[in-house]
Amino acid sequence: MVTDWGHHVRRHPRIVDAILVVMVFGFSVLGSMLDVRGPATVISYPVSAAGVLFAAIAALAVLWHRRFPRTVLAVTAACGVLMGAAGAEISAPLVAPALVAAYSVGLRSERRWALTYPSAVGIVLLVASITLNPGPLFAPGKVTLIAGGLVAGAFADATRNRQNYLTALRARAELAERTREDEARHRVAEERVRIARELHDIVAHHMALAHAQASTAAYLLRTKPDPAQQVLDQLADTTASALRELKATVGLLRREDDPQAPLEPSPGLSRLPELIASFEPLGPGVSMTVTGEPQPLSPGVDLTAYRIVQEALTNVTKHAPAAAVSVRLAYSRSLLTITVSDDGRGARRSGESGFGLIGMNERAQSVGGELLAGFRQGGGFEVSTRLPLEPGAAHRDTKENPW
């Protein structure tokens, strides 16, 4: 309820000011009729034309208290003094427009002046009351002048503190919201890069393999139909595997509560013999050697190792199709070293570098590893990567076994 009222006040300030003008005009006219010199405040004076005129001027001046607070304060205080000079007893009700203006000045001034202006106006009006309306110093009318000024300043300071507090709360809420949005965008961007990398590896590998198989089948079809049929069967398996992996990867983009989004496990080094076998009909052959004691890998490192080998073999198929390829896996205490190298036969050019090498490097770095790729002395190309078996292990083993 209070929040709704405050919302309406902020949306319709002119209506609020008009109501305020009517109220302070009524208080000021009533104050001009009060006798505040005795212990009890009573109505003992008739309404005078001068009192109504000055009350109206002071009340109308309040309409501009938001734009010209100090000027309005001076005008309303002067009207109060003039009403006292016209015979009215200067009291808090009489100078209600001045008290409202004092509150406005205190609210819109620097904090150190929040009480200074209202107190100064109260002192001026008190001196005018003592001068124009002789009587006891501690009469109710005179005491309320100082009290009214101090209360106006205190209310102004309290209102400013509340506004500053609410502003700080809104700023913190906006900052928190921006931080959440930035974090969400960052995570979405990371997920997009990860999925794009997966899609690149899957599409590049299977399309290159399918292209090589189709070309081989077309070459053998007329002269050697039986080997051609075997290659075509492998081509069907390749496309089926591509569809399965694409379905699994694209399934990551679907809603979690979608029952129609079954996902197969991510590939790992356990499928490496199957991967190597798919390349054997396309060239001199792919050999694989393993040194060290094989150790279990985390899912992320396992997938990264598989994808790097897959991309390296795909690059050989695309850029050096006649090359013989060697895949070596070396397990140490805390590192898995993977080396994929070819013997240099083929059409690879030194300027060839694309998203494949970039993707392999990003994959290695994402699990705390590192990757080197380049031409070998004497011919050929080599991709070598070191992947940690556990977090923090790569640095220790690198000291013992540098590149």
Residue by residue through the stretch 357-375, note down the ones that are in a helix (DSSP H, G or I) and either buried (at least 19 other Cβ atoms within 10 Å of the Cβ) or free of Cβ contacts under 8 Å to residues at least 60 places away in the same chain (or both).
Leu357, Ile358, Gly359, Met360, Asn361, Arg363, Ala364, Gln365
With the first residue restricted to the stretch 276-298 and required to be within 16 Å of Val309 (Cβ to Cβ), and the second required to be buried (at least 18 other Cβ atoms within 10 Å of the Cβ) and modelled with pLDDT of 90 or more, Cβ contacts under 6 Å at 6 or more apart or on different chains are Met288/Val327; Val290/Leu329
Filter the stretch 62-90 down to the residues that are closer than 17 Å to Gly106 by Cα and surrounded by 23 or more Cβ atoms within 10 Å (Cβ to Cβ) and list them by number.
Val62, His65, Val72, Leu73, Thr76, Ala77
Kindly evaluate Glu293 against the criterion of being assigned by TED's automatic domain parsing to the domain that holds Ser366, over 27 Å from Ile358 (Cα atoms), modelled with pLDDT of 80 or more and surrounded by fewer than 19 Cβ atoms within 10 Å (Cβ to Cβ).
yes
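The values are calculated or read from the model by the stated rules, or taken from the named source; none is laboratory data. Note that this is a predicted model, so its numbers are computed, not measured. A quick note on method: Cβ atoms are made from the backbone with ideal geometry, for glycine too, and the neighbour counts reach across all protein chains shown.
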